[in-house]
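Have a look at the structure that comes next, please.
Every number here is computed from the coordinates shown, using simple stated rules; none is lab data. Please read these numbers as outputs of a predicted model, since none were measured by experiment. Note: ideal-geometry Cβ built from the backbone for every residue, glycine included; neighbour counts use all protein chains shown.
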Amino acid sequence: MSDRTVSMKEKIILASASPRRRELLNLITSDFEVITADVDETTDKNETAENTVMMLSSKKANAVSSMHRGRVVIGADTIVVCDDKILGKPETREHAYEMLKMLSGRTHQVLTGVTITDGRKTETFFVSSDVTFFELEDEEILSYVKSGEPDDKAGAYGIQGKGSLLVEKINGDYFNIVGLPVSTLSKKLKSF
């Protein structure tokens, strides 16, 4: 047996079960696998949205990284912010309606925090995009809520689906709004 070992760079790990993030990371590389860990996503209500989203991405990445030392792990979290209030995933359909009513005719921010770590080096950052909704009629909101699409989405909408019909304009990275700032992530991955 030879003492020579062949070094192969191991696949990147995406620490997210989101099918949208999986699709977006595939734009950068197909050489990854999805491994998730249960993390406490409790946040400090007094913390800024920027720090909150970076902290959540860091928790996800570090939880998986601790089990896979030396592997490059990407954790991400996306939040919607309106009037300095973080809008998470709706708890009920009524809650989804209330969120969408709040966003109607207004501009809000979508922030995605991303953490890249290999257990030795870690980089955490966030990207923010502005989204402006049309003035929405109650019937439009109710119809969208009934579709079920808002159920597991921060801010109660998905811009990549029927939620796109609610959006008048965006300013910033579209992919960030979907859940992963692809171009920024691609550039930062080069140093890992």
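Could you say which residue among THR92, THR78 is under 17 Å from the mean Cα position of the chain (by Cα) and of a type in the set (Ser, Thr, Tyr)?
The unique qualifying residue is THR78.
Right, next: Identify all residues within segment 78-112 that are basic (Lys, Arg), without any contact (Cβ under 8 Å) to a residue 60 or more places away in the chain and either in contact with a helix residue (DSSP H, G or I) (Cβ under 9 Å, 6 or more places away or on another chain) or part of a strand (DSSP E or B) (or both); write none if there are none.
Across segment 78-112, the qualifying residues are LYS85, ARG93, LYS101.
Quick one: count up the residues across segment 136-160 that are within 17 Å of THR107 (Cα to Cα) and assigned to a helix (DSSP H, G or I).
The number of residues fulfilling the criteria is 4.
Looking only at segment 144-192, how many residues end up being touching a helix residue (DSSP H, G or I) at 6+ places or on another chain (Cβ under 9 Å), touching a residue at least 24 places away in the same chain (Cβ under 8 Å) and among the acidic types (Asp, Glu)?
Looking only at that region, the number is 2.
Among all residue pairs at least 6 apart or on different chains, which show Cβ distances below 6 Å where the first residue, located in segment 122-139, is within 30 Å of SER65 (Cβ to Cβ) and the second is surrounded by 13 or more Cβ atoms within 10 Å (Cβ to Cβ) and among the hydroxyl-bearing types (Ser, Thr, Tyr)?
Pairs that qualify, where the first residue is within 30 Å of SER65 (Cβ to Cβ) and the partner is surrounded by 13 or more Cβ atoms within 10 Å (Cβ to Cβ) and among the hydroxyl-bearing types (Ser, Thr, Tyr), are THR124/SER58; THR124/THR115; VAL127/THR112; VAL127/THR184.
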